[in-house]
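This report concerns only the one structure given below.
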Amino acid sequence: MGDEDWLTLSSLEHFAYCPTQASLLQEGVWVDNHLTVQGSASHERVDLPGVDRRRGVRVHHRVSLASHRLLLHGIADAVEQHPDGAVMPVEHKWGRGSGDLWPSTVQVVGQAVCLEEMLRRPVPRVAIFIVSERRRVVLLTDDWRKRFEDLVLSARAALFGERVSTPSYSSRRCRRCSLLEACQPIGSNR
């Protein structure tokens, strides 16, 4: 595999949400809608590189990550470094998408997998901070690891292999997608 076979953590999140969306993004298709703008606005503070301290926890912002084993790279919104030495990636999301945290879970578990390889030690917990709800969901990395690694294989095959087919319209997911017009031009009036 060459350099072109590396996947981004964000492309895995999009693939978990919708393989066609991930494929379109891989091809350079991007369109903003009110949800993508809200998401960008919610990241303004967390996207600034640096370190701060909260309640004894060092928080590193905008951390570059990579896994050479899985050919993944990306950026963690925040990585907390706790007084006991434990580290935990925290992914910031405006909302819960279509109500399913799986795509966000994919992204933050991928961050943990990269951190484990980079630091050569376990990263047992990950967190998703849902900005619109001011709520934090903490998950155990090992509960999601197998499903995550299976998704990496599926995404690599789909995004670097045969073209992903256009799915049928799903009102719950498609109506929220900024790429609906590019994906299903006829269905976008639904």
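Tabulated values for the structure
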quantity	calculated
Check on Leu115, at pLDDT 95 or above, open to solvent by 70 Å² or more (accessible area, probe 1.4 Å) and either closer than 20 Å to Pro19 by Cα or not β-branched (Val, Ile, Thr) (or both)	no
Matching helices (runs of 4 or more DSSP H) fully within segment 139-190 where at least 2 residues are modelled with pLDDT under 75, among the polar types (S, T, N, Q) and open to solvent by 70 Å² or more (accessible area, probe 1.4 Å)	none
Total residues in segment 29-55, condition modelled with pLDDT of 75 or more, of a type outside the set (Lys, Arg) and open to solvent by 60 Å² or more (accessible area, probe 1.4 Å)	4
Members of segment 89-115 that are under 18 Å from Asp150 (Cα atoms) and either part of a loop (DSSP other than H, G, I, E, B) or more than 15 Å from the chain's Cα centre (by Cα) (or both)	Leu101
Leading residue by the ranking (most open to solvent (accessible area, probe 1.4 Å)) among those in segment 56-111 that are under 16 Å from Thr141 (Cβ atoms) and of a type in the set (Asp, Glu)	Glu80
Any hit, segment 59-82, residues being in a strand (DSSP E or B), closer than 13 Å to Phe129 by Cβ and modelled with pLDDT under 90	no
Hey, Val131 at pLDDT below 95 and either open to solvent by 20 Å² or more (accessible area, probe 1.4 Å) or within 15 Å of Gln81 (Cβ to Cβ) (or both) or not	yes
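The values are calculated or read from the model by the stated rules, or taken from the named source; none is laboratory data. Every value quoted in this text rests on a predicted model; they were computed, and no experiment measured them. Note that we place each Cβ from the backbone using ideal geometry, even for glycine, and neighbour counts take in every protein chain shown. The protein model used for the area step is the full one, side chains on, heavy atoms only, and it has no ligands, DNA or RNA in it. Shrake-Rupley method; radii C 1.70, N 1.55, O 1.52, S 1.80 Å.
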